[in-house]
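Just so it is clear, none of the values below were taken in a lab; they were calculated from the coordinates. Fair warning: this is a prediction, and the values are worked out from it, not measured in the lab. No Cβ is skipped: glycine too gets one built from the backbone with ideal geometry, and neighbour counts run over all protein chains shown.
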Amino acid sequence: MIKTYLITKEQLQEDIPLEDWQSLVKDDELLWVDVRAYTPEEVETLARHFGLHSVAVDSCLDGYRRPHLYEFPDHFYVNLTVLENRKRKRTEIKPTELHLFVGKKWVLTLSQQEPSPAVDEVLNEYRETPALCERGPMHAVYLLLEYLVESYFPIVERLDDDADELETAMLQHADKRSLARLFDLKRVGFELRRILGPQRDVLATFARRDFPFIRSEQNVYFQDVYNRMIRIFDIMDTVREILSGSLDIYLSAISNRLNEVMKVLTIVATVLMTLSFITGFYGMNFTHLPWLRSPNAFRNMVIFMIALTAAMLWWFRRRRWL
């Protein structure tokens, strides 16, 4: 469904006819067209009224694409990544797109999803302060980019918290469950970098290139959004280091645990080998052996072996082998 908004200095008007938009929109006013769950017919209608380039139109009609920006003589097109902040499914990331066309006096937003929090938030800001239209269409672009970047922070910060909790758990007890959780977090971190990397490149383009619709005083706003995006990647780099350290902790814990087991088994084998030597020695077919004919031979031999075992364990402990 196509919704149209004419933003003037005094108010925000809805349901503006597209056929007469050029005569209705004056200087320092902004026409905003928002389409949710759009159809190919609606995209073709917008392309006809605003002269959208066919390459950008095809990009809207295709499936999910990495963020990219196309610049044309009288407008430009950019598709932005939207991430849902799912609290229950922390290891599932499903990106969607927000398509954005910007001209000298108009902004088009197209989303395949029916709810579009970014667009709703910015439109509400224009309802409260319609005089923002004097800053031109690029100010609306800045507000959309700012909202999207801010929506990434809870996802990345939650990943950072999960990595910290996993590291603490690894220090206390490293097991296979913790290892599986570690690889899940590494996969999420990799997916976030893969998804948000192209978005960072688009923001860098806004911050470093001169667009005909960007006023000189607005450059600092786009640089600020780009710096926030860099902050997100700094957090993800920290998460990657934490997870790598947690993997080292797991491998060290497993190695230490194996060493402890091998040490105990070696001590047990040494004790049993000594006792087996004694029992084997007295099992030989000789007639003259100490205590062999004694009536208390069994008792004496058991006491001797117990004392020998205690002496060996005392020696191992003194040498800090046990």
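Points to keep in mind about this one:
- Were the residues from E114 through L313 laid out at 0.36 nm apart, the gain over their Cα-Cα distance would be 64.3 nm.
- Computed about its Cα centre, the charge dipole of the chain is approximately 3500 debye, with only Lys, Arg, Asp and Glu carrying charge at their Cβ.
- Here is what passes the span test in the chain: the DSSP H helices with alpha carbon length of 27 Å or more along the helix axis and a Kyte-Doolittle mean of -0.5 or above are 137-172, 176-208, 219-282, 297-318.
- Centre separation in Å (Cα based) which lies between segment 228-267 and segment 147-196: 14
- By the Stokes-Einstein formula, at 0.692 mPa s and 37 °C, the chain with its Kirkwood radius over alpha-carbon pairs has D equal to 131 µm²/s.
- Computed from the Cβ-Cβ distance with R0 of 45 Å, the FRET efficiency linking Q13 to E165 stands at 0.35.
- Hydrodynamic radius of segment 115-213 by the Kirkwood approach over all distinct alpha-carbon pairs: 16.6 Å.
- Shown is the FRET efficiency for D234 and R127, computed with R0 = 41 Å from the Cβ-Cβ distance and rounded to the nearest 0.05: 0.70.
- Size-normalised alpha-carbon gyration radius of segment 19-129, reference 2.2 N^0.38 Å: 1.14
- For the chain, modelled as a GNM whose springs connect Cα atoms under 10 angstrom apart, the maximal fluctuation among A311, A204, A253 occurs at A311.
- Toward the positive end of the charge dipole of the chain, with +1 on the Cβ of Lys and Arg and -1 on the Cβ of Asp and Glu, the farthest Cα among V78, V225, M301 is that of M301.
- Between Y5, S54, S23, the Cα set farthest toward the positive side of the dipole of segment 4-160 (charges on each charged residue's Cβ, about the Cα centre) is that of S54.
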